[in-house]
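Colleague: Encoded as structure tokens, here's the structure I'll be asking about.
The values are calculated or read from the model by the stated rules, or taken from the named source; none is laboratory data. Nothing here was measured: the structure is a model prediction, and the numbers come from that model. We place every Cβ from the backbone using ideal geometry, glycine too, and count neighbours over all the protein chains shown.
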Amino acid sequence: MKTLVLLDSHAILHRAYHALPPFMSKKTGEPTGALYGFSTMLLKVIRELKPDYLLAAIDLPGPTFRDALYKAYKGKRPEAEDALISQLKRLPDLISAFGIEVVSAPGFEADDVLGTIAEQTKNIKTLKDLRIIVVSGDMDTLQLVEDDKIVVYTMRKGMEDTVLYDEEKVKERYGFGPRLIPDFKGLKGDPSDNITGVRGIGEKTATDIIKNFGSIENLYKEIEKGSAGGKLKERILQLLIDHKEDAFFSKTLATIRQDATINFQFPISNFQLNRAKLIKLFDELGFDSLIKRISE
């Protein structure tokens with residue numbers, strides 16, 4: 001079985017920025033803590049997951065289709081700090097130094113790019129034994145999990161405590177399967193992305209509804225048939241009726257697209273670490289301990 005590893009690059013860098021103390025390059029004076037965390041995670045991924053193929057998705061500047069649909073999307077997030085912005089700008093150089101191809105799509109987020117690659121590659125007959133591992137610091141990517149064929153490798157705490165989510169692991173966490181995560185967020189919302197959901201319905205209630213009804217589409221079919229009353233409290237039923245449009249719209253925003261316009265197709269070259277180029281960049285950034293790891 002071959003392994004394709006897909007990196008949700010900006011999500012990993014953001015996670016590293018908030019998980020690790022900031023520090024500066026002795027040579028350039030620029031902040032490098034997040035780049036260091038990204039590098040340690042990527043070396044760990046290469047060592048533990050042993051990818052045959054490795055691709056990185058990045059977010060492009062400018063609005064996405066979600067911003068076009070909903071002007072307030074991610075509207076409550078604070079402005080990115082200068083130290084983070086400068087490291088985001090250096091991230092493509094770091095990915096290139098590792099020898100990894102970058103894939104992006106105007107108007108789409110990185111996780112949409114990952115979802116599209118996963119969807120395209122899983123349907124290629126010559127790749128029927130391919131296992132896809134999505135590496136991300138964003139739990140939204142769990143909706144992409146499919147059996148043990150598409151899994152998500154993410155961080156529980158810091159950068160070193162990692163966990164691999166297959167379908168059973170997702171069910172253990174949520175109580176339902178990966179494909180119902182957008183429905184769950186359609187009900188409870190997602191404050192980090194300023195997705196409202198159904199106001200008045202929290203995580204526990206949303207979980208119970210999804211367990212009982214499955215998708216939002218099925219939930220509202222039952223409501224329209226008049227057969228949902230016995231399973232829902234009157235207050236919750238009324239909230240769902242009053243905020244039907246919000247539920248469906250929130251699900252749309254929370255759903256990772258799998259039809260992004262990407263310039264990518266198999267076959268791609270097998271992954272080979274670009275040691276010389278990486279050591280040169282690590283030296284510039286002051287990552288002496290990581291140079292030793294590569295040498296070892």
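Colleague: What tally of residues in the stretch 122-140 results from selecting those that are of a type in the set (Lys, Arg) and part of a strand (DSSP E or B)?
Modeller: Within the stretch 122-140, residues that are of a type in the set (Lys, Arg) and part of a strand (DSSP E or B) number 1.
Colleague: Look at residue 67 and say whether it is in contact with a Pro (Cβ under 9 Å, 6 or more places away or on another chain), assigned by TED's automatic domain parsing to the domain that holds residue 267 and without any contact (Cβ under 8 Å) to a residue 12 or more places away in the chain.
Modeller: no
Colleague: Residue 105 - would you say it is outside any loop (DSSP other than H, G, I, E, B) and in contact with a helix residue (DSSP H, G or I) (Cβ under 8 Å, 6 or more places away or on another chain)?
Modeller: No.
Colleague: From the list 81, 109, which one is modelled with pLDDT under 95 and not hydrophobic (A, V, I, L, M, F, W, C)?
Modeller: Sole residue among the options that is modelled with pLDDT under 95 and not hydrophobic (A, V, I, L, M, F, W, C): 81.
Colleague: What number of residues in the stretch 133-152 are over 21 Å from residue 183 (Cα atoms), more than 10 Å from the chain's Cα centre (by Cα) and buried (at least 18 other Cβ atoms within 10 Å of the Cβ)?
Modeller: Selection size over the stretch 133-152: 1.
Colleague: Test residue 134 against the stated conditions and say whether it is at pLDDT 90 or above and under 29 Å from residue 275 (Cα atoms).
Modeller: The answer is yes for residue 134.
Colleague: Next question, about the same structure. Within the stretch 5-38, can you find the residues that are modelled with pLDDT of 95 or more and outside any helix (DSSP H, G or I)?
Modeller: Result: 5, 6, 7, 8.
Colleague: Hey, another quick one. Report, by residue number, each residue of the stretch 11-69 that is buried (at least 21 other Cβ atoms within 10 Å of the Cβ) and among the polar types (S, T, N, Q).
Modeller: Within the stretch 11-69, 32, 39 qualify.
Colleague: Follow-up. Between a first residue in the stretch 39-56 that is under 21 Å from residue 113 (Cβ atoms) and a second residue that is acidic (Asp, Glu) and at pLDDT below 95, which pairs have beta carbons less than 6 Å apart while being 6 or more apart in sequence or on different chains?
Modeller: 55/101
Colleague: Continuing with the same structure: Looking for something assigned by TED's automatic domain parsing to the domain that holds residue 162, under 23 Å from residue 130 (Cβ atoms) and modelled with pLDDT of 95 or more - is there at least one such residue anywhere in the stretch 84-93?
Modeller: The answer is no; no qualifying residue exists.
Colleague: Kindly indicate whether residue 45 is closer than 18 Å to residue 137 by Cα, assigned to a strand (DSSP E or B) and touching a Phe, Trp or Tyr at 6+ places or on another chain (Cβ under 8 Å).
Modeller: no
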